[in-house]
Amino acid sequence: MITDLFSATVLIGILASGIRLATPYLYAAIGETFGQKSGVLNLGVEGQMLLGCFAAFYVALTTGNLWLGLLAAMVVGALMGLAMAYVTVNLQAQQGISGIGFYLFGLGMSELLFQRLMGTVETVKGFPKLSIPVLSGIPGVGEIFFNQNILVYGAYLLVPLAWFVLNKTTLGLKIRSVGENPDAADSLGVSVARVRYFTIILGGTLSGIAGASLSIALLNVFQQNMTSGLGFIAVALVYFGAWRPFGVLGGALLFSMVNSLQLWIQVLGIPVPSDIAVMMPYVLTILVLVATVSRVRAPSALTKPFEREN
């Protein structure tokens, strides 16, 4: 019954799930925000996440150590970011096309490794819930916000940290200047290549963590193409949030709450076709982009390669 959606238990469940499901969106989208603020569009986020998913899961499965799995995802994501940086900064390849290439590489390689190293779907015991003393005991609010796993808390702490770095530090000033006017930044002694390398590798690392949050913290399983377009939604969230970390947070919560809602609709057996319910987050992606893309201004040098004048 649709009225079941409005019961206190279900509403708390929807909100708690929404907070939790925003985790991979936040890691991937904040990482992409850094890259785009420096002028680089990375459409390979989905591929980085998939390889991070597999690396984290496989290492955790074979070693029994979740932290080693997380580290493996970070290393794989950073290496993917390094490769992306070389292609876009040194080779000055068209960013959209090269990003799609990295996505396809991540998709194919994760499936190949899964088939060769595992073959069948297995599960691991992921990061447990970490209840915050006192706060987790608050009725309703405690269950929603303060009874999550450590990667969820890390994702939300990342938002103010990213805002501070981008807006209150010299590094953030360099990133923003490179994304707006790389020629002027270069004339002032800022290495455009180094800044872009840093942001792309950072974005890859955070995308790896985003993948790990799926396979060893939220779902505790790995299967082929398990991100299902989440990386592309993360890229869209950067536009939705107007390249601001707190704007990205708002978008991530919006999408995760819609995703949580469609999952609960299926759980409760509400007579809505499952295909329509699954489509809801992706339809929302299109509507949000149509409504916001013309109202926000992207970094001036976004997608534009930089060649230093002699």
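Read-outs throughout are calculated quantities, based only on the coordinates presented, and are distinct from any laboratory measurement. Remember, it's a predicted structure, so these values are computed and weren't measured experimentally. Reconstructed Cβ throughout: ideal geometry from the backbone, glycine too, with neighbour counts over all protein chains shown.
Can you tell me which of 30-41, 149-160 comes out highest on packing, and rank the rest after it, using the mean Cβ neighbours within 10 Å?
The packing order, highest mean first, is 30-41, 149-160.
With an 8 Å Cα cut-off and a minimum separation of 6 or more residues, compute the relative contact order for the chain in percent.
After rounding, I find 36 percent.
What nm distance separates the two modelled labels at Leu104 and Val141, each placed 7 Å from Cα along Cα→Cβ?
Calculated label separation equals 5.1 nm.
Stokes-Einstein at 10 °C, 1.306 mPa s, Kirkwood radius from Cα pairs: D for the range 176-234 in µm² s⁻¹?
Rounded to a whole number, D works out at 116 µm²/s.
Compute the Rg/Rh shape ratio of the range 193-310: radius of gyration over Kirkwood radius, all on alpha-carbon atoms.
Result: Rg/Rh = 1.05.
Determine the gain in length on full extension of the stretch Leu287-Thr169; use 0.36 nm per residue of separation and subtract their C-alpha separation, reporting nm with one decimal.
Between Leu287 and Thr169, full extension yields an extra 39.0 nm.
When all alpha-carbon pairs of the range 112-187 are counted, what percent fall beyond 15 Å?
Working: 2088 of 2850 pairs.
That fraction is 73 percent.
Going through the DSSP H helices of the chain, which span 18 Å or more along their own axis at the Cα atoms while scoring at least 0.5 as a mean Kyte-Doolittle hydropathy? Intermediate values should be presented prior to the final figure.
Numbers: long enough: 8-37 (41 Å, 0.84); 45-63 (27 Å, 1.30); 66-85 (28 Å, 2.19); 95-117 (32 Å, 0.80); 150-168 (26 Å, 1.56); 192-213 (31 Å, 1.04); 245-267 (32 Å, 1.29); 274-292 (28 Å, 1.89).
Counting only whole DSSP H runs, the qualifying helices are 8-37, 45-63, 66-85, 95-117, 150-168, 192-213, 245-267, 274-292.
Calculate the dipole size of the range 23-228 relative to its Cα centre from +1 charges on Lys and Arg beta carbons and -1 charges on Asp and Glu beta carbons; express the result in debye to the nearest 20.
The calculated dipole for the range 23-228 is roughly 300 debye.
Relative contact order (percent) for the range 1-135, with alpha-carbon contacts under 8 angstrom and 6 or more residues of separation?
26 percent
Distance between the C-alpha centers of the range 1-65 and the range 244-266? Whole Å please.
10 Å
Across all directions of projection, what mean area in square nanometres is found for the Cα convex hull of the chain?
Average projection, Cα convex hull of the chain: 17.1 nm².
Grab the alpha carbons of the range 2-85, take their convex hull, and tell me the volume per residue in Å³.
For the range 2-85, the hull spanned by Cα atoms encloses 138 Å³ per residue.
Give me the net charge for the shell around Phe54: Cβ to Cβ below 15 angstrom, other residues only, Lys and Arg +1, Asp and Glu -1. It would help to have the intermediate numbers written out before the result.
Working: positive: Arg116; negative: Glu46, Glu111, Glu122.
Once all neighbours under 15 Å are counted, the net charge is -2.
Using a Gaussian network model of the chain whose springs link C-alpha atoms within less than 10 Å, name the residue from Phe54, Phe146, Phe255 with the highest mean-square fluctuation.
Residue with maximal mean-square fluctuation among Phe54, Phe146, Phe255: Phe146.
Tell me what the chain gives for mean residue ellipticity at 222 nm when only DSSP H runs of n ≥ 4 count, each as -39,500 (n - 2.57), the sum divided by the residue total, rounded to 500 deg cm²/dmol. Don't skip to the end; give the middle numbers.
Numbers: 12 runs with 208 residues, N = 310.
That calculation yields -22500 deg cm²/dmol at 222 nm.
For the range 128-150 and the range 152-166, what is the centre-to-centre distance using only Cα atoms, to the nearest Å?
Distance between centres, Cα-based: 19 Å.
Please find, in a Gaussian network model of the chain (springs between Cα atoms separated by less than 10 Å), the residue of Met279, Met80, Met257 whose mean-square fluctuation is greatest.
Highest fluctuation of the listed residues: Met279.
Treat the count of other C-beta atoms within 10 Å as a stand-in for reagent exposure and order Trp243, Trp163, Trp67 from fewest to most.
The fewest-first ordering by Cβ neighbours comes to Trp67, Trp163, Trp243.
Apply the Debye scattering formula to the range 47-140, with a single equal point scatterer on each alpha-carbon and no solvent, then give log10 I(q)/I(0) at q = 0.24 Å⁻¹.
-1.16
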